[in-house]
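The structure under discussion appears below in the form of structure tokens.
What follows is calculated from the coordinates using simple rules that are stated; it is not laboratory data. None of these values were measured; they are calculated from a predicted model. Glycine also receives a Cβ, built like all others from the backbone with ideal geometry; neighbour counts cover every protein chain displayed.
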Amino acid sequence: MKKIYFIAISELIILFVSSCGGNSGSTSTSSSSGGQSTVSGAAVYNRSCITCHQGTGAGIPGAFPPLAKSDFLADKEKTISQVIKGYQGELVVNGVKYNNVMPPQQLNDEEIAAVLTYVNTSFGNSGAAITADEVKAVRSKLR
């Protein structure tokens, strides 16, 4: 039990020290003339999500849930909300309980749409694309 607690605390320290979710650098929010996003979901993932959810999307067992083949992603609104607001407490992903903290991500609507589309279509997932308008609609409900 002490070992699991130590691992969880260590991961939290790594999380905050590495500024998981911070914007390190530019925040491209431009769109091409056709309205297509120019934000790379993979780039957002690599700067905001990879520390906890890992490059493979497998997460960190006992600490951070997987995004790979994740049943949690089925609820689009809940997923968007969690990225915007963050989450603390128990969460069940693929039948496994996790109890940790995900800080709110400091991302704009286009960045959230891009990263969630990337996650939904990577790591063995076959989910749908998410638009900035969908993110905006969820964000407006949270206010």
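Taking other C-beta atoms within 10 angstrom as a stand-in for reagent exposure, Arg47, Arg139 fall in the order Arg139, Arg47, fewest first. Classify segment 46-143 from the C-alpha gyration tensor, please: rounded if a/c falls under 1.5, else prolate or oblate depending on whether a/b exceeds b/c. Cα axes put segment 46-143 in the prolate bin.
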